[in-house]
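Before any comments, here is the structure.
The values are calculated or read from the model by the stated rules, or taken from the named source; none is laboratory data. Computed from a prediction, not measured in an experiment: that's the story for all the values here. Quick reminder, even Gly has a Cβ in these numbers, built from the backbone with ideal geometry, and neighbours come from all protein chains shown.
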Amino acid sequence: MLLGIKQILFAGLGIAGISMLYFLALVVGLSLWVIVPLLLLFLLLLGRWLRDYETNTLIEERSPWLAILFLAGGLIVTGYKLCGFAEKYGGWDAWAMWNYHARFLANGDAWSLFLKGPIFDHPDYPLLLPAWNALLIRLAQGNAYTLFPLASSVFFTLATITLLYAALARKSLIVAVMVLYLVVTDAYFLQTGVSQYADTPLAFFFLCAVICVELGRENQAYLTIAAACLGACVWTKNEGVLLAGVLFLFNAKSFIGNKQYKYTFAAIALPLLAWLVFKIGYAPPNDLISKANEKTTLQVFDTTRYSLIYQYFLQNLHDRFHYMRILFFVYVLWCAVIRKFPTHNFMAVMVCLMCYLLFYIFTVNDLEWHLRTSLDRLLHQLMPAAMYLMAISFTRFQAVPISSIRSKLHF
Amino acid sequence: MAFLHVIKSNAIIMLLTVVVAVVTFCSHRKLAQQHTEMDTFKMAFEGITTALPEQSKFSLQLFDVPQHLQFYVRYLLAPRLVYYPVIKSDTVILIGNTTAADSLTNSVSSLRQVMWHHQDSQFIYLLSCSR
């Protein structure tokens, strides 16, 4: 199963790296004839880098064919549902922003023109998804404007589900199958997945980072991949900076200690370079930050905002993430039973959630409109990672003898 | 056995690739048959590319049509930059309701040079610049 994880990581990081290199090639003004061999060389090096990792200590294969069979069933059902949810041009934000940017980036000469557009085009949004789609469109000689964004969204949705399942199946097939069932039957997750927004790629890379940080406890080399995944988060959406920053801070000792800092820096060098070139050299300031003023700061004292945010948060949990609510209570109960505090990575995800909610306090937009149009997608970004971290703790049930639970409960 | 090991090692990624390819192909084929509001504009703008080259900048004027249509124009005519609602460019695309087609065409053509025009059942489209 671990090989499955590594290959999905390769595919994800391959897309992220290609997107960054393509953007940098546009900045330098390289022609497609030079870009393509460079990207192929990058893929070759990435493949060798991931292949060379020592993984023997991590392989725990129990009935792999059964696990693959369950996954195949899950993916077929998901695929069938995705066909029903997909829209021709994606959701509104997909064609009005992400795919709109891709149409510019697919043109080697006019790529930077969209940066001069109005603020509601959001020209400051990072370019992982648009640049990747743009390269594919350019390779298809300016055709298939709807095909590649659709293919990318299908890939990221299914890859997130597969990665979640594969990472859990290493520890417990039962837990992995239960989680697979929950995700496959989650219409909101699938619908958002094929909406062609960048929220699912961000959820995917954040999940990759969390899984690699967890694997890093068994094999330090995975921390380097985790750092690369955090870089991909930053290059996917502005919120990715927060997710990457929080997870990095919570695991700073692992990322920096034991001479790991050299590998961490090497892994984030390319994403950081692409992001800095884009943000400093090209992107206009973010509209929410540039519009902020003294009144925005005073909003912190407005208690009605807190209650409205809380109300929308609960409403979202109830309407779109109902099983996450149940899972959360079971998880807290489980932590109480085994007398263990939630893992610090789970706490990192909770801090990200709190930051997202606090961010609404200071929004310059109409709060109700902002909550209505974006809160569900922010929760969608955190959902796979949170689900993985809760589910992985349940896999420890097999490792905990009942007698020890009884003794802890003083039976 | 070696073959079986290779299959087993790559089963997940192969499975994922196949499902992604099949879902994309089926969805795309199904969606290609759908006709959306965006497709109406896409068909209308098919002939504009020679008159309005890529990288060009133009202003957009909407006459008695919903404001959200500007986003369709932006998307479909990228990589060209649209100025709306402020007129910053001499090249202007005017989209109006067909009920006012004659008066619009006359008023524009009497003052400006019409570079391209199109009309469908709902809208009239005029690309013009100053003489």
Notebook entry, point to check: If you scan region A:86-101, which residues turn out to be more than 9 Å from chain B (Cβ to nearest Cβ) and either in a helix (DSSP H, G or I) or hydrophobic (A, V, I, L, M, F, W, C) (or both)?
Noted result: A:Asp93, A:Ala94, A:Met97, A:Trp98
Next item on the list: Mind listing just one residue for me: the one in region A:77-100 that is among the hydrophobic types (A, V, I, L, M, F, W, C) and farther than 16 Å from A:Thr200 by Cα and, of those, surrounded by the fewest Cβ atoms within 10 Å (Cβ to Cβ)?
Entry: A:Val77
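Given the residues A:Tyr125, A:Tyr145, which is the only one that is at pLDDT 85 or above and either facing chain B (nearest Cβ under 10 Å) or within 30 Å of B:Ser9 (Cβ to Cβ) (or both)? Working first, answer last.
Numbers: A:Tyr125 fails: either facing chain B (nearest Cβ under 10 Å) or within 30 Å of B:Ser9 (Cβ to Cβ) (or both).
The unique qualifying residue is A:Tyr145.
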Notebook entry, point to check: If you scan region A:257-277, which residues turn out to be closer than 23 Å to A:Pro130 by Cβ and surrounded by fewer than 12 Cβ atoms within 10 Å (Cβ to Cβ)?
Noted result: A:Leu276
Next item on the list: Give the residues of region A:66-76 that are surrounded by fewer than 18 Cβ atoms within 10 Å (Cβ to Cβ) and facing chain B (nearest Cβ under 9 Å), sorted by residue number.
Entry: A:Ala72, A:Ile76
Check: Hey, does region B:10-33 have a residue that's at the interface with another protein chain (Cβ under 7 Å from one of its Cβ atoms), loosely packed, with under 13 Cβ neighbours inside 10 Å and within 30 Å of A:Leu158 (Cα to Cα)?
Finding: no
Next item on the list: Any chance you could count how many residues in region A:1-25 are within 12 Å of chain B (Cβ to nearest Cβ), farther than 13 Å from A:Phe205 by Cα and of a type in the set (A, V, I, L, M)?
Entry: 3
Next item on the list: Note down all Cβ pairs under 8 Å where the first residue falls in region A:106-118 and is over 11 Å from A:Ala131 (Cα atoms), the second is crowded, with 16+ Cβ neighbours inside 10 Å and among the polar types (S, T, N, Q), and they're at least six residues apart or on different chains.
Entry: none
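Output the helices (runs of 4 or more DSSP H) that fall wholly within region A:242-353 and possess 2 or more residues being over 27 Å from A:Leu367 (Cβ atoms), or say none.
So the answer is A:252-256, A:260-281, A:322-337.
With touching a Pro at 6+ places or on another chain (Cβ under 9 Å) and more than 14 Å from chain A (Cβ to nearest Cβ) as the only criterion, which of B:Gln61, B:Gln55, B:Gln67 stands out? If you could, list the steps in order and put the result at the bottom.
Values: B:Gln55 fails: more than 14 Å from chain A (Cβ to nearest Cβ); B:Gln67 fails: more than 14 Å from chain A (Cβ to nearest Cβ).
Residue meeting the stated conditions: B:Gln61.
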Notebook entry, point to check: So is A:Leu71 in contact with a Ser or Thr (Cβ under 7 Å, 6 or more places away or on another chain), assigned to a helix (DSSP H, G or I), farther than 20 Å from A:Arg377 by Cα and at pLDDT 90 or above or not?
Noted result: yes
Item checked: Matching residues in region A:102-120 - criterion: being surrounded by fewer than 20 Cβ atoms within 10 Å (Cβ to Cβ) and more than 7 Å from every other protein chain (Cβ to nearest Cβ) -> A:Gly108, A:Ser112, A:Leu115, A:Pro118, A:Ile119, A:Phe120
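Looking for something of a type in the set (Lys, Arg), within 21 Å of A:Tyr188 (Cα to Cα) and touching a helix residue (DSSP H, G or I) at 6+ places or on another chain (Cβ under 8 Å) - is there at least one such residue anywhere in region A:312-325?
Pass one, region A:312-325, residues of a type in the set (Lys, Arg): A:320, A:325.
Narrowing further to those that are within 21 Å of A:Tyr188 (Cα to Cα): A:320, A:325.
Imposing the further condition that a residue be touching a helix residue (DSSP H, G or I) at 6+ places or on another chain (Cβ under 8 Å) reduces the set to A:320, A:325.
Yes, region A:312-325 contains at least one residue that is of a type in the set (Lys, Arg), within 21 Å of A:Tyr188 (Cα to Cα) and touching a helix residue (DSSP H, G or I) at 6+ places or on another chain (Cβ under 8 Å).
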Next item on the list: Considering (1) out of contact with any Leu (no Cβ under 9 Å at 6 or more places or on another chain); (2) over 25 Å from A:Arg217 (Cα atoms), say which one A:Gly257 fails and leave the rest.
Entry: (2)
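Which residues, counting only those in region B:89-112, are surrounded by fewer than 13 Cβ atoms within 10 Å (Cβ to Cβ) and touching a strand residue (DSSP E or B) at 6+ places or on another chain (Cβ under 6 Å)? Even if it seems obvious, please write down each step before you answer.
Applying the first criterion (surrounded by fewer than 13 Cβ atoms within 10 Å (Cβ to Cβ)) to region B:89-112 yields B:90, B:99, B:102-103, B:106, B:110-111.
The one that is surrounded by fewer than 13 Cβ atoms within 10 Å (Cβ to Cβ) and touching a strand residue (DSSP E or B) at 6+ places or on another chain (Cβ under 6 Å): B:Asp90.
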Check: Can you name every residue in region A:224-235 that is free of Cβ contacts under 8 Å to residues at least 60 places away in the same chain and buried (at least 24 other Cβ atoms within 10 Å of the Cβ)?
Finding: A:Ala226, A:Ala227, A:Leu230, A:Cys233
Next item on the list: For A:Pro130, indicate whether it is assigned to a loop (DSSP other than H, G, I, E, B) and in contact (Cβ under 8 Å) with a residue 24 or more places away in the chain.
Entry: no
